[in-house]
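For reference, the structure discussed in these notes is given below.
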Amino acid sequence: MPFYGYAWRLTDANNRGLMAPADGPVGSGNGAMRYREILGFIAEKQGRNGVQWHNCFKLLLCWDNLDRPQMSSYHSSMAMALTIPTLFLLFLSSKFPCSSAQTWIKSGYWFSGSKFPVTDINSTLFTHLICGMAGLNPSTYQLSISSSDAQSFSIFTPTVRQKNPTVTTLLAIGVRLEKSSTFSSMVSQSEFRKSFIESSIKTARSYWFDGLDFHWDSVNTSSEMANMATLFDEWRLAIESESGNSSGSQLILTTAVRFSPYLDNASFPIESMKKNLDWVHVMAFDYYTPTSWNYTAAFAALHDPGGGQLMMNTEDGINDWIDGGLSANKLVLGLPFYGYTWTLVNPNDSAVGAPAKGTADNGWMSYKNLKALQISGAVSEYYNAAYVVNYCVIGSSWIAYDDVEVVEKKVAYAKKRNLLGYFVWQVEDDDENWVLTRAAQEDEKNPGNKRHFLLILLPTATTVTLVLVYATWYLRKRARKNKVVTGRMGEGKELQSLFKTTMASAGNANAPNLQLFRLTDLVEATNNFSFENKLGEGGYGPVYKGVLHNGQEIAVKRLSRTSTQGFEEFKNEVMLTAKLQHVNLAYDLWKCGKGMEFMDPSLDDTNSSCKLVKCMQIALLCVQENPVDRPSMLKLSVMLKNETAAMNIPKRPAFSTRSDEDEVQVQESTFQQEIWSVGDVSITQLVAR
């Protein structure tokens, strides 16, 4: 199966069916695209209202067309069967925005310097957990991990997977602001980047992390952005190479970025980011802080209500990233689990934007400490729907933060915009009951998400319905052809009665005394039709060896689901097998001149006994034990075509008793036959002619 496709450049964008005119391949090469690149192309075309499906449909047709020269009749029929549901799903997708095919990410950061133990993380509430931070050695440009951090890093992944075995872990890499020049030096030289990349991959593998998360908060020049783009290019190639050489899964590669890609003097390298990064963590907070802004502010505002202030906000930042070319399904929205405290100039003026003055420290406060403070004193709590922010007033202290209601609104926004998920900054700042983390997941149960649910349900239900219709048609057609009798053999009295009635019907005087078995007995005898008990397989289906409770060995032929045989064919075989209860019945009947008793009454030439007996004689000549005695194909042709051709007398067939009839008369007094067949079970064995 080809894990790649070809992209053609259409001559007419409105004519995009198979065999549509094209001007040649897309790009400078032959148009070949790897599967991952195709998914990336589709992702790039996703805008605010979902994927531009006409472009995706155009590419998918080219991708599907790749394997057509090698398609078997089976593939052709399956392609035809899937055509209608596929086109219908494409129609639905054009009407509704699609959600990302990737898992909805519920991520959280944890830092080894905190007093919050790894063992206390409720990893069941997350799909991804990020451990930080590894530093950078300014001399070797390799990752630098302190001894205390090394201990935390070594137990992080095994510990969080005790509660959630499927959680994915990443190692965050970053440096303090005063040491940010180390990053700038590292990305500027090829050998420095190589040293950094190799050590990062080695460290991730050594500490059992599934990926790497890059933090360069202070990047702000065009040259640094260009060098960072080169770093991402080389990093991705190294990750792919390491995975190929080790036969392991590729490491995840992400980065944390500011709320907008545009800085005063530079912009983030979006082309490199969308090509090389799995996703991007948008740090949608710290727009304003008490140390830099002398007004109370929504430091992580979702919207800007206007008023001419042009306040920084998350929505504008997300729009900037998408408009800049980074698809929505590569963006993971940040949720701050903390707040900032301003000191009001006038306690009676406490709205968002009220004049404020500095605070004793940087004003930062974790959510759990804030809730404890609210419980201990007289607090006035507010919610501003315009900015989407909670704030409270305690005397002259004004605190902005995200509470349950805000978290739910932001997660709903992320889903509405088809983002990839959210991340928590930081998990240790939630309260002891994980109130905010659980609130982020409550949106999944919110009735307001019925539309998102329908986007998943409608295509799925449509596909299932069409498959069921097709399956019903196919099964009814097969049932008419094969005259299928309802019920399974041995399951119920109706089928047993049918067998008994049919086998012992009038005019069937020689019907044998058949023994019926329950399906449960056959399952037990064959060890549930195990592969070890399988003897072979024919047109009807597989044959299994079984042992009954009394020790008797049996052979069980199980009708295959794909067999075209039905009840009548199976009945005939049972009747014939029953007639052959002892070895070489056909030979014995022919030798005694009773060969016609072996013939099935349904044969057209029953009235021509000579012809049938002759065919029986020829057949017995072909199965004689000694290969030398068997006729050649030329002799067979002569015997079948010439009614007067002389024929030898058949000797006893093979696989019955181990003896040579030429020696029977000499050794008759002393010879004891060696039984060569087993019970009533026929044996097939390869013998050269």
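The values are calculated or read from the model by the stated rules, or taken from the named source; none is laboratory data. Treat the numbers as computed from the prediction; the structure is a model and nothing was measured. Quick reminder, even Gly has a Cβ in these numbers, built from the backbone with ideal geometry, and neighbours come from all protein chains shown. Accessible surface is based on the protein model in full, side chains and every heavy atom, while ligands, DNA and RNA are left aside. Shrake-Rupley method; radii C 1.70, N 1.55, O 1.52, S 1.80 Å.
Residue count for the range 626-656 satisfying the condition of being open to solvent by 70 Å² or more (accessible area, probe 1.4 Å) and either aromatic (Phe, Trp, Tyr) or in a loop (DSSP other than H, G, I, E, B) (or both): 5. The set of residues in the range 237-273 that are open to solvent by less than 40 Å² (accessible area, probe 1.4 Å), under 21 Å from residue 223 (Cβ atoms) and part of a helix (DSSP H, G or I) comprises 270, 272, 273. When the range 150-175 is limited to residues that are in a helix (DSSP H, G or I) and polar (S, T, N, Q), the one that is most open to solvent (accessible area, probe 1.4 Å) turns out to be 162. If you go through the range 359-370 and keep only what is open to solvent by 50 Å² or more (accessible area, probe 1.4 Å), touching a residue at least 24 places away in the same chain (Cβ under 8 Å) and not hydrophobic (A, V, I, L, M, F, W, C), you end up with 362, 368.
Can residue 287 be described as in contact (Cβ under 8 Å) with a residue 40 or more places away in the chain and aromatic (Phe, Trp, Tyr)? No: the conditions fail for residue 287.
Here's the yes/no breakdown for (1) modelled with pLDDT under 90; (2) surrounded by fewer than 17 Cβ atoms within 10 Å (Cβ to Cβ); (3) in contact with a Leu (Cβ under 9 Å, 6 or more places away or on another chain):
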| residue | (1), (2), (3) |
| --- | --- |
| 97 | yes, no, yes |
| 103 | yes, yes, yes |
| 110 | no, no, yes |
| 121 | no, no, yes |
| 126 | no, no, no |
| 131 | no, no, yes |
| 139 | no, yes, no |
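Considering only the range 323-333, I want to know if a residue exists there that is touching a strand residue (DSSP E or B) at 6+ places or on another chain (Cβ under 9 Å), farther than 16 Å from residue 402 by Cβ, among the hydrophobic types (A, V, I, L, M, F, W, C) and open to solvent by 20 Å² or more (accessible area, probe 1.4 Å). No, there is no match, as no residue in the range 323-333 is touching a strand residue (DSSP E or B) at 6+ places or on another chain (Cβ under 9 Å), farther than 16 Å from residue 402 by Cβ, among the hydrophobic types (A, V, I, L, M, F, W, C) and open to solvent by 20 Å² or more (accessible area, probe 1.4 Å).
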